[in-house]
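Working notes, beginning with the structure itself.
The values are calculated or read from the model by the stated rules, or taken from the named source; none is laboratory data. None of the values given here were measured: they were computed from a predicted structure. With ideal geometry, Cβ positions are generated from the backbone for all residues, glycine too; neighbour counts draw on all protein chains shown.
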Amino acid sequence: MSALLAQTGDPTNFWQWMTDSSERTVTGDIPSQVWTTLWHSVLAFAIAAAIAIPLAAVLAHFRRAEVLSTWLVNIGRLIPTVTIVAVFVLISLRNGYGFEPWPIVIALVLLAIPPLYANTYTAVRDASPEAVGAARAMGLTELEILRQVELPLATPLILAASRVAITQVVATEALAALFGGTGLGQYITFGIANRDIYEVQAGAILVAGLAITVDLVFWFVTRFLVPKPLRPAPSSHRAMKASRPTRSIAIPTPSLGGNP
Amino acid sequence: MTTRRKVTCAVLAVGLIAFGIWAANRISGLSEDTQATNPLFRWEYLFTRERTPEELWQNTREHLELTVWSVLIGIVLSAVLSALVLRFRWLRAAIFTFAGVLYTIPSIALFAILSTYNSNFTAAIIALTSYTLLILTRNFVAGIDAVPQAALDAADGLGMSRVQRLAKVEIPLAMPVILTGIRVATVTVVGLVGISAVIQLGGLATYIFDGYNRNYPTLMVLGTVATIILAVALDLVIRGVEWVATPWAHRRVAR
């Protein structure tokens, strides 16, 4: 394709493309496309978190449906992302709901659920049994144990999983443009269609930049959301060593088929 | 998991999928009219004169080719990276951060930008390989790290050299974890190859895009089902390798 792309006329360059909107074939400026991508992703992530985290926490507390999380992750890995987006857009079109936002948001929700569910389940199940036993001995009810003991202990892993999930959601949102949606992916698809090499490059850099930015922002926020005693102590070598097991747990397996 | 439970789960899953297809078929048309003229799936539409089983086979081969090449290159690169991590501990954070950043970059962006500099095939291989690095390296390192100290001491006691110890003790004991990593990476890549259809590389996902562009849902179902079957088949093959490669661990590998 590079040969084809090189043939196109006007030798603009990448920075000219970024700054001069008359070069672009896509209507809508960059900030508004970024905004579209962001709100699709955040909405999808919020819905997925609202469904997956409480469900997984309750089921894990009562040790029910242990196989479900493995199955969810495996199935999520097996089904290609492209399929999920395409099928939802198709169904939505056939029912007259248009290209977006719902088909895309629903597809993203389905993509975000497996890592959130699986990691929350693991985290709550593996919360220190001594702490849970102590809480029970103090007369806390089961729901209080879940809310006041198990969930705080599970926060590092849940937040790490959330970070993986939201990064994947932002990355996948770009695929929506392949199926008639809007968002940053439009620059890539339109660029390929118009054989505009700079548009493709700019789109790719914007998509990648947004994903990495969201990842970094979430990482930064995460550090303040983890309860203080669970934060890895930054200073001495000994503290690093002591916190190592927690840290290796806190990096969850980014399951769900690396769907970015 | 007992065999009975496995069977129950499988039956449940098949039932669920069948119900899903049926429900999608029911709800996906505006009216009975749409249902009749353009249903989601119909056997007669599966193969036509120009879309033959040979074409399906060709696409499967392309898909497989991309997957196998990128996973193989990924294994070699990850072996080097994990060797570096295991030898020089201070490189650990740097290498894992590097692999993590590569993993964060959206595949569509990577395909697009690489295809403006390289041939499409090279671009796809580079992109897919870069996604396997995180999964593979992490599993390689975790596997070798988990080798019990007693085994290492025994190997030293027998007078093995560093290399002998690695080849005869550490790698065999880490084999289950290593192969799990390879399995996960392979299944992941099979799914990701679908996105490489964006840069016109063939593979099974061409069916999905074709079917979408021509409003031809049967093709989309074909592409999806073929991709899933390919992924499951590769998964089973690697599980088989795992079973053969670790004859002493058939109890422990339940993962």
remark   = From the option list A:Ile47, A:Ile84, single residue qualifying as part of a helix (DSSP H, G or I) and away from chain B (no Cβ under 14 Å) is A:Ile47
request  = Test each condition in (1) among the hydroxyl-bearing types (Ser, Thr, Tyr); (2) assigned to a helix (DSSP H, G or I); (3) modelled with pLDDT under 65 for A:Thr12 and report the one that comes out false.
outcome  = (2)
ask   = Residues that are among the small types (Gly, Ala, Ser) and more than 9 Å from chain A (Cβ to nearest Cβ): which helices (runs of 4 or more DSSP H) entirely in region B:170-255 hold 2 or more of them?
value = B:171-193, B:217-245
task = Run down A:Val149, A:Val200, A:Val169 and say which single residue is in a helix (DSSP H, G or I) and under 16 Å from the mean Cα position of the chain (by Cα).
result = A:Val169
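Being surrounded by 23 or more Cβ atoms within 10 Å (Cβ to Cβ), under 30 Å from A:His61 (Cα atoms) and touching a residue at least 12 places away in the same chain (Cβ under 8 Å): is that true of A:Pro152 here?
So A:Pro152 fails the test.
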request  = Would you check if there is a residue in region B:78-96 being within 11 Å of another protein chain (Cβ to nearest Cβ) and closer than 24 Å to B:Val193 by Cα?
outcome  = yes
ask   = Regarding A:Ile75, is this residue in a helix (DSSP H, G or I) and either without any contact (Cβ under 8 Å) to a residue 40 or more places away in the chain or aromatic (Phe, Trp, Tyr) (or both)?
value = yes
key: B:Thr137 being away from chain A (no Cβ under 11 Å), part of a helix (DSSP H, G or I), under 19 Å from A:Ala204 (Cα atoms) and free of Cβ contacts under 8 Å to residues at least 60 places away in the same chain   = no
task = Determine the pairs where a residue that is more than 7 Å from chain A (Cβ to nearest Cβ), located within region B:106-126, has a partner that is of a type in the set (Phe, Trp, Tyr) and assigned to a helix (DSSP H, G or I) with Cβ atoms under 8 Å apart, the partner being 6 or more residues away or on another chain.
result = B:Ala123/B:Phe111; B:Ala124/B:Phe111; B:Ile125/B:Trp69
task = Would you confirm whether any residue within region B:19-31 is modelled with pLDDT of 80 or more and more than 13 Å from every other protein chain (Cβ to nearest Cβ)?
result = yes
request  = Being away from chain B (no Cβ under 12 Å), over 18 Å from A:Gln168 (Cβ atoms) and β-branched (Val, Ile, Thr) is the filter here, so list the residues in region A:52-76 that pass it.
outcome  = A:Val58
task = Report whether or not A:Ile79 is more than 11 Å from chain B (Cβ to nearest Cβ) and of a type in the set (Val, Ile, Thr).
result = no
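Is it the case that region B:135-142 has a residue that's surrounded by fewer than 16 Cβ atoms within 10 Å (Cβ to Cβ) and of a type in the set (A, V, I, L, M)?
First, the residues of region B:135-142 that are surrounded by fewer than 16 Cβ atoms within 10 Å (Cβ to Cβ): none.
Within region B:135-142, not a single residue is surrounded by fewer than 16 Cβ atoms within 10 Å (Cβ to Cβ) and of a type in the set (A, V, I, L, M).
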query = If you check A:Glu173 against the conditions, is it closer than 22 Å to A:Ala112 by Cβ and of a type in the set (D, E, K, R)?
reply = yes
request  = Only residues in region B:68-85 that are assigned to a helix (DSSP H, G or I) count as the first member; pair them with residues that are among the charged types (D, E, K, R), Cβ under 8 angstrom, at least 6 apart or cross-chain, and list the lot.
outcome  = B:Val85/B:Arg92
